[in-house]
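To start, the structure under review is shown below, and the notes come after it.
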């Protein structure tokens, strides 16, 4: 399952780079790559923690909430330098970040649905 996630995310990264070139946004390719790599590791970390927690028979719902809250905090910390040095150029970076972030959320839901993961609450 990890290989298929990596393949889909590489395809999305390439698509994101192509789309930014077509639209002619002034966003550096390294910034796009940095966003994708960061979000990939955040979601991979979250998935690994959720799998580990869900193996426990006494899984509490709060663990999954904490994992998702940690994702949000990490994303805020990632965006904090951009927000603090804000100018109009950074709008594109922030918009691109959230589009990619929501793609990862949707992808996470799709993979859970396909895999048939049943989290015990």
query = Going through segment 17-32 one residue at a time, which ones are more than 21 Å from the chain's Cα centre (by Cα) and within 14 Å of residue 94 (Cβ to Cβ)?
reply = 25, 26
task = Return the pairs, sorted by first residue and then second, in which the second residue is not in a helix (DSSP H, G or I), the first residue lies in segment 36-55 and is farther than 20 Å from residue 96 by Cα, the beta carbons are less than 6 Å apart, and the residues are 6+ apart or on different chains.
result = 53/59; 54/119
Unique residue being modelled with pLDDT of 85 or more and over 28 Å from residue 19 (Cα atoms) when the list is 59, 70 = 70
task = Restricting attention to segment 23-51, report how many residues are more than 18 Å from residue 109 (Cα to Cα), out of contact with any helix residue (DSSP H, G or I) (no Cβ under 8 Å at 6 or more places or on another chain) and surrounded by fewer than 13 Cβ atoms within 10 Å (Cβ to Cβ).
result = 5
note = Considering residues that are closer than 14 Å to residue 31 by Cβ and in a helix (DSSP H, G or I), the number found within segment 65-97 is 13
request  = Exactly one condition in (1) assigned to a helix (DSSP H, G or I); (2) over 16 Å from residue 108 (Cα atoms); (3) free of Cβ contacts under 8 Å to residues at least 24 places away in the same chain; (4) out of contact with any helix residue (DSSP H, G or I) (no Cβ under 6 Å at 6 or more places or on another chain) is not met by residue 20; state its number.
outcome  = (3)
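The values are calculated or read from the model by the stated rules, or taken from the named source; none is laboratory data. Here the structure is a predicted model, which is why all the values come from computation and not from measurement. All Cβ positions, even for glycine, are placed from backbone atoms using ideal geometry, and neighbour counts span all protein chains on display.
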